[in-house]
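**Q** Here it is, the structure in full.
Bear in mind that the values in this text are calculations on the coordinates, not laboratory data. Keep in mind that what you see is a predicted model, and the values were worked out from it rather than measured. Using ideal geometry, Cβ is built from the backbone for each residue, glycine included, and neighbour counts are taken over all protein chains shown.
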Amino acid sequence: MRRARFAGACSGVMRTAPITLDASSGVVVLSQLQHKDVLMFMLAAKSFAKHVRPCAVFVLNDGSLSSKDRALLSWHIPGVTVLELPAFRSAACPTGGCWERLLAISSLVRDNYVIQLDSDTLTVGDIDEVRRCVGEQKAFALGTWDRQGFESMRERVETARKVNHGPVPHVQLVAEANFDKLTNFESLRYVRGCAGFAGFARQSFEREFVETISAEMRAAIGDKWAEWGSEQVMSNIVVANIPNAVVLPHPKYADCHKMKPGVTEFIHFIGSCRFDAGNYARLGAEVIATL
């Protein structure tokens with residue numbers, strides 16, 4: 001019911017003008033997409049492109065996109081490229097859980113600055129930090145608390161081992177507590193960010209880096225590494241180990257639990273608060289009126 005109300009409030013995005021690409025920007029937007037989130041993605045892509053105009057948009061089809069979905073994407077995003085999951089799989093990495101998305105980024109980043117944009121995000125104001133990162137070819141992570149920075153893996157291991165993991169520990173905590181099993185543990189950094197929005201500078205990392213870390217984590221924690229959430233750990237590792245990467249200022253960039261009126265300009269409407277209180281629909285409608 002909440003999703004239906006949101007769709008009713010934000011269906012107007014389908015009547016707004018198509019995204020105008022900028023061939024000179026050097027910015028590629030990538031998003032993994034499922035059928036039920038097409039409307040959300042249109043809002044995410046158009047609100048973002050109003051502030052950072054991409055040269056190309058790639059959509060990674062989770063397998064559920066219909067022919068109508070593809071037609072809508074092509075009309076609203078001229079030149080959009082739809083990729084298929086099987087083309088971005090590796091024996092060294094889990095299947096599903098957005099792993100194909102990260103491996104697709106590792107391919108696109110050879111020639112472009114790549115921004116991973118989740119469909120449940122909304123840009124409501126100026127995001128000059130992101131434009132600066134693109135201009136200076138700096139990777140960025142979406143932080144989860146104020147004044148957050150990067151840390152050494154040793155620091156994260158010590159923190160993770162102090163936390164009560166509970167009877168069914170989350171893969172992120174388990175992985176973090178076992179970072180010391182990685183070959184280059186002492187020289188690697190980490191950030192406990194969110195993979196829903198991340199920037200990867202051109203030629204900033206290679207597929208082999210992902211595959212090597214993934215294989216070592218699987219050896220360290222076994223099948224746990226295949227659970228949902230492991231890709232976010234890997235994305236965090238990738239960004240943290242790109243030279244000159246930054247963490248976007250929080251709460252200017254925040255999720256819907258931590259957003260602050262008048263301060264937050266980019267919001268990630270994660271599932272646990274996506275449709276609560278009608279904020280997503282209200283802000284979405286306000287953004288649509290400006291498109």
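**Q** Please identify the cysteines of the chain that lack any partner cysteine with a Cβ under 4.7 Å from their own Cβ.
**A** For the chain, the answer is C10, C55, C93, C98, C133, C194, because their Cβ atoms have no other cysteine Cβ under 4.7 Å.
**Q** Also, quick follow-up: Name the residues of segment 166-185 whose amide N is less than 20 Å from a point 7 angstrom out from the Cα of A219 along the C-beta direction?
**A** Those under the cut-off are 174-185.
**Q** A further question follows. With only Lys, Arg, Asp and Glu charged, each at its Cβ (+1 for the first two, -1 for the last two), find how big the charge dipole of segment 106-251 is about the Cα centre; round to the nearest 20 debye.
**A** 220 debye
**Q** For the chain, find the longest principal axis of its Cα atoms and tell me its angle to the long axis of helix 279-288, 0 to 90°, nearest 10.
**A** 50 degrees
**Q** With an 8 Å Cα cut-off and a minimum separation of 6 or more residues, compute the relative contact order for the chain in percent.
**A** Computed value for the chain: 24 percent relative contact order.
**Q** Evaluate the charge dipole of segment 1-156 about its Cα centre and quote only its size in Debye, nearest 20, assuming +1 on the Cβ of each Lys and Arg and -1 on the Cβ of each Asp and Glu.
**A** Magnitude of the dipole: close to 380 debye.
**Q** May I pose another question? What distance in nm separates the two pseudo spin-label positions at R132 and S24, each 7 Å out from Cα along the beta-carbon direction?
**A** 2.3 nm
**Q** Next question, about the same structure. Taking the Cα centre of segment 45-104 as origin, sum charge times position over the Cβ atoms of Lys and Arg (+1) and Asp and Glu (-1), and report the length of that vector in debye to the nearest 20.
**A** Rounded to the nearest 20 debye, it is 280 debye.
**Q** Ok, one more. Relative to the longest principal Cα axis of the chain, at what angle does helix 99-108 sit, 0 to 90 degrees, rounded to 10?
**A** 80 degrees
**Q** Which number do you get for Rg(Cα) / (2.2 N^0.38 Å) in segment 211-261?
**A** Details: Rg = 14.7 Å, N = 51, 2.2 N^0.38 = 9.8 Å.
Dividing the Cα radius of gyration by 2.2 N^0.38 Å gives 1.50.
**Q** Now for a separate question. What is the percent of Cα-Cα separations in the chain that go past 24 Å?
**A** When every Cα pair of the chain is considered, 50 percent fall beyond 24 Å.
**Q** Quick one: how many lysine pairs does segment 148-264 have with C-alpha atoms less than 28 Å apart and a gap of 8 or more or different chains? Give me the count, please.
**A** Taking segment 148-264 as the scope, the lysine pair count is 5.
**Q** Further, regarding this structure: Output wanted: per-residue J couplings in Hz (rounded whole) for segment 23-39, from phi through Karplus 6.51 cos²θ - 1.76 cosθ + 1.60, θ = phi - 60°, x for Gly and Pro.
**A** Once θ is set to phi - 60°, the couplings for segment 23-39 become 4, 8, 6, x, 10, 10, 9, 10, 8, 7, 9, 10, 3, 6, 10, 4, 4 Hz.
**Q** Order these peptides, 208-218, 192-202, by their mean beta-carbon neighbour count within 10 angstrom, highest first.
**A** Ranked by mean Cβ neighbours within 10 Å, highest first: 192-202, 208-218.
**Q** Which whole-Hz couplings ³J(HN,Hα) result when phi for each residue of segment 142-152 is put into the Karplus expression 6.51 cos²θ - 1.76 cosθ + 1.60, θ = phi - 60°, listed in order with x for Gly and Pro?
**A** 3J(HN,Hα) across segment 142-152, in whole Hz: 7, x, 10, 8, 5, 6, 7, x, 7, 9, 6.
**Q** Further, regarding this structure: For the chain, what is the mean residue ellipticity at 222 nm derived from helices alone (per DSSP H run of n ≥ 4: -39500 (n - 2.57); sum divided by total residues; nearest 500 deg cm²/dmol)? Write out the running numbers ahead of the final one.
**A** Values: 10 runs with 103 residues, N = 291.
It lands at -10500 deg cm²/dmol.
**Q** Let me ask something additional. Using the alpha-carbon atoms, what tilt in degrees (0 to 90, nearest 10) does helix 230-240 show relative to the longest principal axis of the chain?
**A** It works out to around 90 degrees.
**Q** Provide Rg and Dmax in Å for segment 127-267, with only Cα atoms included in the calculation.
**A** Values for segment 127-267 (Cα only, Rg and Dmax): 15.3, 46 Å.
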